[in-house]
Amino acid sequence: MNVAIMGYGVVGSGVAEVLKKNHDSIEKKSTLGSLDLKYILDIRDFSGDVNEKIMIKDFNIILNDDTVGIVVETMGGLHPAYEYVRSCLKAGKSVVSSNKELVAAKGYELLSIAEEKNVNFLFEASVGGGIPIIRPLSQCLAANEIVEVKGILNGTTNFILTKMINDGMSFDEALKTAQENGYAEKDPTADVEGFDACRKICILASLIYGKHVYPENVYTEGITKISLSDVEYARAWGGVIKLIGRAKKLGENKISAIVSPAFVPRTSQLAYVDDVFNAILVSGDSTGDVVFYGRGAGKLPTASAVVADVIDCARHTSKKRFFGWGDAVPDYVIDHLDAETSFYIRAEAENPDEALTAARKIFGEIVVLSRTGAPKNEIAFTTTTAVERELRTKLETLYMINPLSVIRIIKD
Ligand code: HSE
């Protein structure tokens, strides 16, 4: 069977490399004979590249070639990836994608077309790079009710936070180091503002709970406002700050889903996931907690997940694998302000003692935190758990302080 790749960037070139390098062993696994790479589509010039002879610039060559049964989409971005993938599926070709933006925005529609055309649309690499997570969730853990999924879903931000926690680097210094190491893009917005993690939690939540969850319905907060003072207070509290994507079932037709920095206690396995590594903790009603850990990005780890999907497509040409979710429903994801949480609050106060006494009156029980070298007018404390809207209203009434930082706390 012939394969085409759309997008010859880091992941696409990795897919070409793995398909070539492991051609013979892949042939044995596919059950359909060899998987031969026929075209690579990219608008850029790759003169002198090992794959120069099969590089093309016209998408219609792939679309109109009936010998191409599987198309790999590693272009990234929504357009024209969406139009190309939709056309391929409509033409009866299976598609494998690593593009989380595409799956999070258009997953339901593309899965429906795949179903209608009896072909496959697979995207193991879209979440967690080389970590197997989509297939385990849809197959191995299928007997479970998934109570909650939470994870470190973005390697770049985890690298930055690790540098802040372990090396005392400021956010700006750590971001620069991430860029120098090739982890963070020149424009790091999608990573540091949490959009990338948001797309990934949307895909996981859609898969686990069976209805499409769109990124615009998931409250998302990035890590740009985290300071070294917050890192120190998290240490004093007994944990670390991580960017966490979470989704939880609340009832038959309600879930909560959020991406935000969070205090994570040292008793949690997520607290020990450092550098560019990702980890996803799935709580099943029968299995208890299961943790998936590994490299969430990078050329060959991600390519390995893509090629595994290609092999799966080749094994299931006559019989489509049942895989997917239903359409979104209104008000399915609750407003984050209606979810329960507890807060860490750092603030300036002209009179710290009076401010803490007032905080106790308003919030009830609080735990006061301290750090060495704190300015005299700085206070920090954690609250008990309540609905976020109530906590925010209480914070507004605490007029004696000027809040500098409010971070959610994850208990386990
Ligand atoms: N920018 C992403 C990350 C790449 O840092 O995790 C993988 O999706």
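The values are calculated or read from the model by the stated rules, or taken from the named source; none is laboratory data. Keep in mind it's a predicted model, so treat the numbers as computed, not measured. No Cβ is skipped: glycine too gets one built from the backbone with ideal geometry, and neighbour counts run over all protein chains shown.
Mind checking whether some residue in the stretch 206-224 is in contact with a Gly (Cβ under 9 Å, 6 or more places away or on another chain) and part of a helix (DSSP H, G or I)? Yes, that holds for at least one residue. Residues in the stretch 164-197 that are part of a helix (DSSP H, G or I), in contact (Cβ under 8 Å) with a residue 24 or more places away in the chain and more than 9 Å from the ligand (Cβ to nearest atom): M164, I165, N166, F171, V192, F195. In this structure, A271 qualifies as over 24 Å from V96 (Cβ atoms), surrounded by 17 or more Cβ atoms within 10 Å (Cβ to Cβ) and free of Cβ contacts under 8 Å to residues at least 60 places away in the same chain.
Any chance the stretch 210-228 includes a residue that's aromatic (F, W, Y) and either surrounded by 23 or more Cβ atoms within 10 Å (Cβ to Cβ) or within 16 Å of the ligand (Cβ to nearest atom) (or both)? Taking every residue of the stretch 210-228 in turn, none turns out to be aromatic (F, W, Y) and either surrounded by 23 or more Cβ atoms within 10 Å (Cβ to Cβ) or within 16 Å of the ligand (Cβ to nearest atom) (or both). The residue list L161, L110, L153 contains one member that is within 16 Å of the ligand (Cβ to nearest atom), under 23 Å from A328 (Cβ atoms) and either in contact with a Lys or Arg (Cβ under 8 Å, 6 or more places away or on another chain) or hydroxyl-bearing (S, T, Y) (or both), which is L153. Close Cβ contacts (under 9 Å, 6 or more residues apart or on different chains) running from residues in the stretch 365-379 that are in the same structural domain as A349 (by TED's automatic domain parsing) to residues that are at pLDDT below 95 are absent. Taking the criterion of being small (G, A, S), crowded, with 22+ Cβ neighbours inside 10 Å and not in a loop (DSSP other than H, G, I, E, B), the residues of the stretch 95-154 that qualify are S97, A104, G107, A114, A125, S126, G151. Per the conditions (1) hydrophobic (A, V, I, L, M, F, W, C); (2) away from the ligand (no atom under 16 Å from the Cβ); (3) touching a strand residue (DSSP E or B) at 6+ places or on another chain (Cβ under 7 Å), the sole criterion not satisfied by A143 is (3). Here M75 fulfils each of the conditions (1) buried (at least 18 other Cβ atoms within 10 Å of the Cβ); (2) in a strand (DSSP E or B) apart from (2).
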